[in-house]
Structures are given as structure tokens and as C-alpha cells.
Amino acid sequence: MKIYNSLTRQLEDFQPINPPHVGVYTCGPTVYNYVSIGNWRTYFLGDLLVRTLKYLGYDVNYIMNITDVGHLTGDNLGDADTGEDKLQKAANREKKTAWDIAQFYIDDFLKGYKELNLTQPKEFCRATDYIAEQIELVKIIEAKGMTYRIDDGIYFDVGKYETEGNTYGELSNIDQVREGARVEPNPQKKDPRDFALWKFSYPKGRSFDQAQDDVASRRHMEWDSPWGVGFPGWHIECSAMSRKHLGDQFDIHIGGEDLRSTHHPNEVAQSECATGKKPFVKYWMHGAFLQVDGGRMGKSLGNAYILTDLEKKGFKPEHLRYFYLTGHYRQPLNFTWESLENARITYERLIKKILEFKYKSIRKEVESEYNIQFKNNLENDLNTPELLATIWKLISDNSVDNEKKYNLLLNWDEVLGLKFLERTKKKKIKFKYKGKMSKITIVSEKKLPSDVINTLDEREVAREQKDWSKADQIRNTLATQDLEIKDEEGKVIVK
Ligand code: AMP
Ligand code: ZN
């Protein structure tokens, strides 16, 4: 398999460190707001890669983090160590605690994650669950002499790190980052590239006790540490959590292209400094951004659409998945409502075709030239536009019989995640009846004669009166008529 490695800036043959095992880590969401379809594009890349690796026979250990502390608003302006904590800011705005904010947006994220049929990682790691590991890592870096203290925290000393023979920022062109910064870096920093490992809750010489009386300035998330009460810098969480779950060195790290300039180089510096092992990550993959109407997507522009915006217009998560597949992950993809509508039409046409091909038997292995093409596209740095072209070529090829087409498409769906089986399954018709004497609802896969409905109603009355022997007797009688019943809250299911 060939993967474009942002570290070496070239297509490389994928060789896992310890085959057939592959460790994959994706930088996940900062949970202070709803996840936009831009963010989802990056998580979709993680999903596509993991599905592909599994399809090719690798044993994947997939980890994704959830940032619930330490990501500051200054990051958007080019200095991740300035500004307010995004969660604390949202908490002040919504008059909730930062913990409540995190939980609310985590729940929403996990719901969307499932709806989009994204591969469940072995673990979603919350930064606040790994404070001890982060402190431990900072201690190791400190012991190596690569930290210094200023008013607002403990910083990584990039200059010193370089003087000792290490390289910093291989992943990015840091000059561009400096030019792009829209804020003056903290003047106490020795070098603008230095970054916070631990930030203090009370920088201006205030003690923890003094600050406790001042409710307005008190952080909801803070921990004691060898350096004082505070919270971890944004980057250290990924180094600490990936190390814990994937080891000192692992195979593939994924994120949006914006993280390539500072967040990822900082992860590399911290991890390689702490472990003394290089490289921290063998292959770096960065997803290009999703644009809207040809321009930037942003909350302030009102075009950072979320899944419910799509749902309200009648789109299904599968339509968005199909839309993502139409673009190569290293190219910007332009979202318009029209392009999503096109994806919907094409996807639904595909489902209709599969219904025409439908055969009872689903076979795992199908020999076909098309299978080779499909695999080649995947192995060519996840070339999904070509993948879709292969699918449509197969569909219109009259020399391939329908059973074969059906089997191929179903097998490929392990990678596509487009719910071919679910969408083409015959829906079971359910019949619903209401009891006359009790409040029971009877749900059945088959039509029930009125005497059976009355008997079930009678049984419910018996159950309400705690007449268990009568209830059991009725159940046994129904069993002799080949009716199996299952009680759920307020309902009885008949099979
Ligand atoms: P955040 O929640 O801001 O930490 O971002 C989460 C992930 O989404 C990061 O990997 C970002 O690079 C990525 N991301 C943010 N905006 C976009 C976008 N418009 N298109 C694709 N990925 C994005
Ligand atoms: Zn990260």
C-alpha cells in the first residue's frame, strides 16, 4: 500500500513497524461546540484508513483523543498558548461548568460518530482522564533540561532542543506559521516556537487559596502539579495518550492539515525528547480542508454546518459519506448544497441498482478483475474518486452477472461504510395493536387474530394484578400456537 507521508513529503510504501499490527492515532475534537462537517471530513479520513487497513488484513489498534481541556482560543490566531480555554469560555457563555460543556458536546459527538458509521476506536481518550500521564511526561522532559518557567506556565525550549542536535518542525514550514500569526507571541517566551507544557491557573502570583474566593476568575478544570495548580498545555495530551495506548513509536498519525504547522511538530518534539526515540510516528497523514461555496468554513461565517443542518434538509449521513468519497483526501473538497444533492441522487441510484442485483447468497470471497482494481485504488493512497469510478464501471458491465456484482459491492462496503446491506434489506412489517382492558401495546411481525390479541390483553391484566401463574399459563398456551412473546416496558413483542 502506498501512503503519502507528510513527514518525507512523498508517496511511500507502507511498512508497519510490527506487522500485522498497526497503531493509528487521530487528533479528535475539542468539545466546546458542535462538530462541523469540516471536522467530520477529517474523522472520515481516519475511518477510511482504518477500514482499508482491516480490509487488507492488518490488525489495527485505533485511538482517538477528545480534547476537553487546555485548547486555547489563541490557537486560531497563531499562538496556541494565548487566550482563553475554549471550554471555560463556552462554560462562561452558557452559564454551565466546563465539565458540563464537555459532557454535552462529547455526547453529541458520539451520536454523530455513530450516525456517520465511523469505525469505533479501541478507546476515545479524554484529556482530563490522563492528567497523571501528562504530568509524568512533562516531568521527563523537565529532567532532560528542555523546559523553562515563565509567569504563566512551563514551556518547551525549542532552541535548546535544537542546540543539542535535534531537529524541530520537520513536518511544517515554520516560517509560514510565524508570518501567519495574528498575535504577538508572549514576550517572555525565549523563542516564538516555544510552547506550553503546563499552564498555571493563577499566573499573576496569586495563590490557589486567594483565587478560590474570586469565583469569576476560578477555572472549573485545574489540577495540582509539581509546578503549581493549573492544566496541561494543548499538545501534551496527544503525546501522553498515544504513548500510553500505542507505545513510544507507532505507525500512522492523522489530523487536519492545520495541525501540521504547530500542533503536530510540537507532539513530535515532546515525544522524541521524552522517549529518546525517533521517529515518534512513522507516517503522518493530513487531510485537506472542507470548503464551503469555494471559501473558508467558519462559525462566524454561519457556514460551519453540522449534521442536524443536513438532517433538517432531508439528507442522510450516507449521503455525506458518499460526498466525502468523491474527493481525494489531500485535495480541498468544496461543499455546496447542490454538490450534496448530487451525492444524494447518485447514492440513491446506487442503492436502487443493488436492489436489482440482490441475491440471497452473500459470499466473502469473489474472484474478479474488479476486485483487483478496487484494491489498487485503495492501495494508491486511498484514491476514493477512482474507487467510485470502479463501482460504476462494474455496475454498467453487462459481462458480469448480477450475483457477482451484488457480492462484490457488499464486500467493498466493508471499506465504504455506505450501509449497502442495511439499505437493501427487506424491511419487516410490524403490526401494532392496543389492548382494550389494559394499556398494553402489542407489536408483531405477523398479523394476529383477534382472539390472540384479547388473550394477550388478558395476560397483561393478570400481570398488573400480579397473578403470575395465570400470566404464565397464557404464555404457555400461546407457545403451543407457535407464538413466542417477549415483554418490554409497556409493550409485548410477538414473534
Ligand atoms: P478542533 O475541534 O478545532 O480541534 O478540530 C478537530 C479536527 O478537525 C482537527 O483535526 C482539524 O484539523 C479538523 N478540521 C477543522 N476544520 C476543518 C475543515 N474545514 N475541514 C477538515 N477538517 C477540519
Ligand atoms: Zn493531537
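Data overview
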{"read-out": "Distance from the stretch 374-403 to the stretch 423-495 (C-alpha centre basis), Å", "value": "48"}
{"read-out": "Peptides 332-340, 37-45 ordered by average Cβ neighbours within 10 Å, highest first", "value": "37-45, 332-340"}
{"read-out": "Average accessible area per residue (Å²) across the stretch 313-458 - probe 1.4 Å, nucleic acids and ligands excluded", "value": "55"}
{"read-out": "Extension gain from Asn92 to Asn454, taking 0.36 nm per residue of separation minus the Cα-Cα distance", "value": "124.6 nm"}
{"read-out": "Residues whose placed amide H lies under 5 Å from that of Val292, excluding near-sequence neighbours", "value": "Met297, Phe335"}
{"read-out": "Probe 1.4 Å, all protein chains present, accessible-area order of Glu356, Glu162, largest first", "value": "Glu356, Glu162"}
{"read-out": "Under 5 Å, built H, 5+ apart or other chain: amide partners of Leu382", "value": "none"}
{"read-out": "Of Val281, Ile493, His319, farthest towards positive along the dipole that unit charges on Lys, Arg, Asp, Glu beta carbons give the chain", "value": "Ile493"}
{"read-out": "Summed residue charge, Cβ within 9 Å of Glu414's Cβ, Lys/Arg positive, Asp/Glu negative", "value": "+1"}
{"read-out": "Simple label model, 7 Å out from Cα along Cβ direction - Glu484 to Glu379, nm", "value": "4.5"}
{"read-out": "Charge dipole (the chain, unit charges on Cβ, about Cα centre) - positive-most of Ser6, Gly298, Leu387", "value": "Leu387"}
{"read-out": "Rounded accessible area of Cys273 (nearest 10 Å², 1.4 Å probe)", "value": "10"}
{"read-out": "Considering only the stretch 342-495, percent of DSSP beta bridges that pair antiparallel, nearest 5", "value": "65"}
{"read-out": "Neighbourhood net charge (9 Å Cβ-Cβ; Lys/Arg +1, Asp/Glu -1) for Thr73", "value": "-1"}
{"read-out": "Accessible area of the stretch 370-495 belonging to carbon and sulfur atoms, whole % at 1.4 Å probe", "value": "48"}
{"read-out": "Entries of Lys96/Lys244; Lys360/Lys393; Lys352/Lys404; Lys144/Lys277; Lys86/Lys122; Lys352/Lys425 with Cα pairs more than 21 Å apart", "value": "Lys96/Lys244; Lys360/Lys393; Lys86/Lys122"}
{"read-out": "Solvent-accessible area of Asp108 with every protein chain in place, 1.4 Å probe, in Å² to the nearest 10", "value": "50"}
{"read-out": "With DNA, RNA and ligands ignored, accessible area of Lys432 (1.4 Å probe; Å², nearest 10)", "value": "150"}
{"read-out": "Only Lys, Arg (+1) and Asp, Glu (-1) charged, at Cβ; the chain dipole about Cα centre in debye", "value": "2060"}
{"read-out": "Contour excess over end-to-end distance, with Cα ends at Asn334 and Val461 and 0.36 nm allotted per residue", "value": "39.7 nm"}
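The values are calculated or read from the model by the stated rules, or taken from the named source; none is laboratory data. Owing to the predicted nature of the structure, the values given are computational and were not obtained by experimental measurement. In this analysis, Cβ positions are derived from the backbone assuming ideal geometry, glycine residues included, and neighbour counts consider all displayed protein chains. The accessibility values were calculated without ligands, DNA or RNA, using every heavy atom of the protein model including side chains. Shrake-Rupley method; radii C 1.70, N 1.55, O 1.52, S 1.80 Å.
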